[in-house]
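The block underneath contains the structure these notes are about, expressed in structure tokens.
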Amino acid sequence: VADGTLRSEVTKTVGSAQEALWILEHVESHARSGEDVADEARALASRRAAGEPLQYLLGSWPFRTLELSVTPSALIPRPETEQVVEAALRRWRSTRPGDGHAIVVDLGTGTGAIGLSLLAELADETEITVWLTDRSPDALELARVNAGRLGAEGIEIRQGEWFAALDGPLAGSVHLMISNPPYVAERDRAGLDPVLSHEPDEALFSADSADGVPGFSDVETLIRGALPWLAPGGVLAIEMAENQVEAARGLATSSGFVNVETIIDLAGKPRGVVGEAP
Ligand SMILES: C[S@@+](CC[C@H](N)C(=O)[O-])C[C@H]1O[C@@H](n2cnc3c(N)ncnc32)[C@H](O)[C@@H]1O
């Protein structure tokens, strides 16, 4: 990849040999004839050095089995979310609610990372329809691009606030509902990694719940509202912040969910809650 001089120049600018390599590979594989690879690599390196997330500069990023388009319209899919998908898959496989056609809903889908992964990974095991929803039309535009790569079969895309995006007849028939909602408290904004300032606010921040759990209001809305949409034995899996897990477990249990468990990420941290409709 590129000559050694350009490589060390880009490495110096971005402060990472691995990132420099990714940038150079990206520029070389996307170069149109006549375009100056070195100039383009230098331009991306400067943007990276100024704080833009690498994923947005490269325009695509892996998530589980998929390579997803990523743009500033939606959150960059994170490794901890891969673990939430893993936990949801494990629970779904152990109980297999309903038989035959699986109905899966990914609320607040962003790039489509969660729902499209479930479609890709479950397609060999079951007939499946995946609903991808988001409040943000721009995020859904991107989800549509990513969905297009998998073929349109079995994918429904809807815009709207949480459950309001779903068609009424789905009530009582969802086998797996999953979400990575916004859960960062506004009061934590100042201490955040500056990379997050490039991602949409509406993907990150949530109000405190009425009883004062920071950043918990969207998680609370989802747990309180999910049960009527689920089929008997249907699984609910939600990602959240570590300090919200206890409140979420209590709320899920008092809302009527059974077999409520904590989802632990690869670093051993509580990252979410999974439960089942009775
Ligand atoms: C943390 S991002 C998750 C994106 C993607 N699911 C992932 O895991 O990478 C939260 C998503 O929820 C969407 N969202 C925020 N508030 C919403 C609401 N009230 N109704 C529906 N979607 C909402 C945001 O637009 C954003 O795409």
key: Dipole-positive endmost among Gly154, Pro214, Ser179 within the range 130-226 (Cβ charges, Cα centre)   = Gly154
Rounded to 10°, Cα long-axis angle of helix 79-95 versus longest principal axis of the chain = 30
query = Which of Gln18, Gln55, Gln159 moves the most in a Gaussian network model of the chain with Cα springs under 10 Å?
reply = Gln18
inquiry  = Taking 30 Å as R0, compute the FRET efficiency from the Cβ-Cβ separation of Glu52 and Asp188 and round it to 0.05.
reply    = 0.85
request  = Quick one: order His198, His26 by neighbouring beta-carbon count within 10 Å, fewest to most.
outcome  = His198, His26
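Let me check I've understood the local charge: for Ala210, count other residues with C-beta under 14 angstrom from its C-beta, Lys and Arg +1, Asp and Glu -1. What total comes out?
Working: positive: Arg224; negative: Asp208, Asp211, Asp218, Glu220.
For residues surrounding Ala210, the net value is -3.
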Two-site FRET efficiency, Asp211 against Gln18, from Cβ-Cβ distance with R₀ of 41 Å, rounded to 0.05 = 0.40
query = Taking a ≥ b ≥ c as the square roots of the eigenvalues of the Cα gyration tensor of the range 114-170, is the shape rounded (a/c under 1.5), prolate (a/b larger than b/c) or oblate?
reply = oblate
message = Under a Cβ-only charge scheme (Lys and Arg +1, Asp and Glu -1), can you give me the dipole magnitude of the chain about the Cα centre, in debye to the nearest 20?
response = 320
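Only the coordinates and a few stated rules stand behind these numbers; no lab work does. Computed from a predicted structure; not experimentally measured. No Cβ is skipped: glycine too gets one built from the backbone with ideal geometry, and neighbour counts run over all protein chains shown.
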